[in-house]
1. Once the other residues with Cβ under 12 Å from the Cβ of Leu247 are scored (Lys, Arg +1; Asp, Glu -1), what is the net sum?
2. Per residue Cα convex hull volume for the stretch 216-270, in cubic angstrom?
3. How much accessible surface does Leu92 have with a 1.4 Å probe, in Å² rounded to 10?
4. State the Cα centre-to-centre distance between the stretch 101-125 and the stretch 179-198 in whole Å.
5. If you rank Arg94, Arg400, Arg187 by how much accessible surface each has, with a 1.4 Å probe, what is the order from largest down?
6. If you look at just the Cα atoms of the stretch 318-384, how large are its Rg and its Dmax in Å?
7. With each label point set 7 Å from Cα along the Cα-Cβ vector, what nm distance links Asn209 and Ser348?
8. Based on the Cα coordinates of the stretch 1-112, what is the per residue volume of their convex hull in Å³?
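The values are calculated or read from the model by the stated rules, or taken from the named source; none is laboratory data. The structure displayed is predicted, hence computed values, not measured ones. In this analysis, Cβ positions are derived from the backbone assuming ideal geometry, glycine residues included, and neighbour counts consider all displayed protein chains. All accessible areas refer to the heavy atoms of the entire protein, side chains included, with ligands and DNA or RNA removed. Shrake-Rupley method; radii C 1.70, N 1.55, O 1.52, S 1.80 Å.
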Amino acid sequence: MKIAIVAPSHKSFITEFLPNYSLDILPNGYAGATFVGTIIKELLQRGHEVIAVTTSVAIDDNYETKVFHHNTFTWYVVPERPHSIKFNGKKLGRIIDLFSFEIKCMSNILIELKPDFIHSFWSYEFTAAAKLTNLPFLATIEDNAFVILKYLKNFYRLGRLIMSERILKDIRFLSTVSPYMVNYCKRKGAVVKVIPNPTPVLYNIDDINHFIDDRFIHFPNFKIVMINNGWEARKNGKSGLLAFKELLNTYPASSLHLFGSGSEVGGLAEIDAASIQLKNVNFHGMVPKDSIFSHLKNAHIFLHPALEESFGVVLIEAMALGVPAIGGEKSGGVPWVVNDKDLLVDVSNYKKIAEKLLHLLSDKDLYKQKSISAFNNAKNKYSSKIIVDNFIKYYDEILRIW
């Protein structure tokens, strides 16, 4: 099939499919959804033609759509207005007209190309573009706009909520990433299937045992990793910092590594760390996916203190490397993803998080058991092969009915 993936896609993973272009030639694209690259790769390996359509912030008022092609893959990058509220030259802020410029550009591309099937992600501009085409499509819903507005009370998020409510009206086929999200999606009246986000499973159980043995060498100098796309109330990063400070009282040579927007040197995470005089913290910020995987591979624990997540791709990325992922017992889709009550905790209480860390790291047999079960969970539920199998089945079902 010729399949269009209309979603956030970024050159950090798209470059793999465009070896005929140097990285500096490619526009940035849209960061924050590395699993989209996992889906594209699996589809290409199965012989499908893939068209990826995304947005990237316009530079120097250049609003020309850019196209990049290699073999059976094409990347369309639509310029997005830089400012969400104030004017962009003569163009309105993008949230003022609810992304109408970007939506129209993307829908025009899709209408011209006439793919056999469109798969859009999120309930915002990408799905709006797919909906305008009247071509067969599936929308995957990654978050609940009402919940996001609850934690981020600003005009932009209000506009995103309005977009989501308008766009999801009358959509026939949806998928979402966890059972936690089903009720939100079902009220739209669509057919809804739970199909999680995928992760590449690159290793076997022998590899994982080797990784665990390597980590044992460094006991008790523990390496803890946190990855947050933003440093705000919903992500609850400061509780993770406080829990790590408690851990240092018992294991003073341990280190904490922070990744994602807000976790760069001089960012909000560093400000919070300084406010509690926290030591042994490394601020990495936004880095390529390969760099994150490299750090995760030799991490002892992946700590995810978010108060709410519809899914949490970073959880399965850690688990696929045999790294136990500690998350919130009431944090939306997190308990379903982690699927292990021994790794769940009340993340609103940093002392409880610290107790969980200490309990897991003070018992090597327990640690190894949880590392292996985390890997098996990722392999059996979230591998790219399993997830794309489910998507293809759903595509075929939609095409028969459309």
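1. Result for the neighbourhood of Leu247: +3.
2. Values: hull volume 4.4 nm³, N = 55.
Spelled out: Cα convex hull of the stretch 216-270, divided by residues, is 81 Å³.
3. We get 70 Å² for Leu92.
4. Taking the Cα centre of the stretch 179-198 as reference, the centre of the stretch 101-125 is 21 Å away.
5. Numbers: Arg94 35, Arg400 180, Arg187 120 Å².
Result of the area sort, largest leading: Arg400, Arg187, Arg94.
6. So, for the stretch 318-384, Rg and Dmax equal 11.7, 36 Å respectively.
7. Spacing of the two 7 Å Cα→Cβ label points: 4.3 nm.
8. On the way: hull volume 11.3 nm³, N = 112.
In the stretch 1-112, the Cα convex hull volume per residue is 100 Å³.
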